[in-house]
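Undergrad: Starting off with a structure, shown below.
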Amino acid sequence: MTRWLDEDEQRAWRNFLSATQLINEALDRQLQRDASMPHTYYMILVALSEAPGRSMRMSELAARAQSSQSRLSHAVARLEERGWVRRERCPADRRSYFAVLTDEGYAAIAAAAPGHVEEVRRSLFDVLTPEQVRSLDEICSAVRNTLEG
């Protein structure tokens, strides 16, 4: 039997979808305007900047970026063209590759980060109370933990 959403759930669901789409669009616009990169590229660069040795196996990076292998490969190719990332063959498994953040890529993310953080604040955190931020964290953690298993 289908468990239909009640009126409150339906309103919350639609507000959630709309809010997340609007935030993602605002972040993408800001990064395109100020750093000439889409939000997807920014997230890849962040993941690499936080990885040991600024390097990550492509399959792990795809999982971290919540992307398919082929979509990630395409994005990494574009980042390679800019000189921000390079691929290196995995010495233990010749079929696998690592994505490595270059010094130029690190400089690009360092330059983009202040504007990005300001847009995150403007789009989300400036409109929330500290209690709402805690609730948002708890809600997102519960959903993420359930979906990630």
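The numbers here are math on the coordinates, done by the rules we state, and not lab data. Note that the coordinates shown come from a computational prediction; the quantities given were computed from them, not determined experimentally. Note that each Cβ is placed from the backbone with ideal geometry, even for glycine, and that neighbours are counted across all protein chains shown.
Undergrad: Can you give me the distance in nm between label points at residue 19 and residue 122, each placed 7 Å from the Cα along the Cα-to-Cβ direction?
TA: Placing both labels 7 Å beyond Cα along the Cβ direction yields 2.0 nm.
Undergrad: Treating the angle as unsigned and between 0 and 90°, give the value, to the nearest 10°, between the Cα long axis of helix 130-148 and the longest Cα principal axis of the chain.
TA: 70 degrees
Undergrad: Please give the peptides 53-62, 21-30 ranked by average Cβ packing (other Cβ atoms within 10 Å per residue), highest first, as a rough proxy for protection.
TA: 53-62, 21-30
Undergrad: While we're here: Any chance you could give the angle, 0 to 90 degrees and rounded to 10, that helix 7-35 forms with the longest Cα principal axis of the chain?
TA: Taking the Cα atoms of the chain, the angle to 7-35 is about 30 degrees.
Undergrad: Follow-up question, since we're still on this one. Would you mind ranking 124, 101 so that the residue whose beta carbon has the fewest other beta carbons within 10 Å leads the list?
TA: 124, 101
Undergrad: With a point put 7 Å past each Cα toward its Cβ, work out how far residue 70 is from residue 100 in nm, to one decimal.
TA: 2.9 nm
Undergrad: Okay, moving on. Which value at 222 nm does the chain reach when only helices count, each DSSP H run of 4 or more adding -39,500 (n - 2.57), with the total divided by all residues and rounded to the nearest 500 deg cm²/dmol?
TA: Helices in the chain give a 222 nm mean residue ellipticity of -22500 deg cm²/dmol.
Undergrad: May I pose another question? Taking Cα centroids, how far is segment 4-60 from segment 67-125 in Å?
TA: When both Cα centres are located, 14 Å separates them.
Undergrad: So what are the ³J(HN,Hα) numbers for segment 63-71, from phi and the Karplus equation (6.51, -1.76, 1.60; θ = phi - 60°), rounded to whole Hz, Gly and Pro as x?
TA: With the stated coefficients, segment 63-71 comes to 5, 5, 7, 6, 9, 6, 4, 5, 5 Hz.
Undergrad: Can you tell me the dipole magnitude for segment 1-141 around its Cα centre, using point charges on the Cβ only (Lys, Arg +1; Asp, Glu -1), in Debye to the nearest 20?
TA: So the dipole magnitude of segment 1-141 works out to roughly 720 debye.
Undergrad: Here is a further query. Based on the Cα gyration tensor of the chain, what are the three equivalent ellipsoid semi-axes, each the root of five times an eigenvalue, rounded to whole Å and given largest first?
TA: In descending order the semi-axes read 32, 21, 14 Å.
Undergrad: Can you compute the FRET efficiency between residue 1 and residue 29 using 1/(1 + (r/R0)^6), with r the Cβ-Cβ distance and R0 = 41 Å? Round to the nearest 0.05.
TA: Efficiency for this residue pair is about 0.45.
Undergrad: How high is the relative contact order of the chain? Use alpha-carbon pairs under 8 Å, at least six apart in sequence, and give a whole percent.
TA: It comes to 22 percent, rounded to a whole number.
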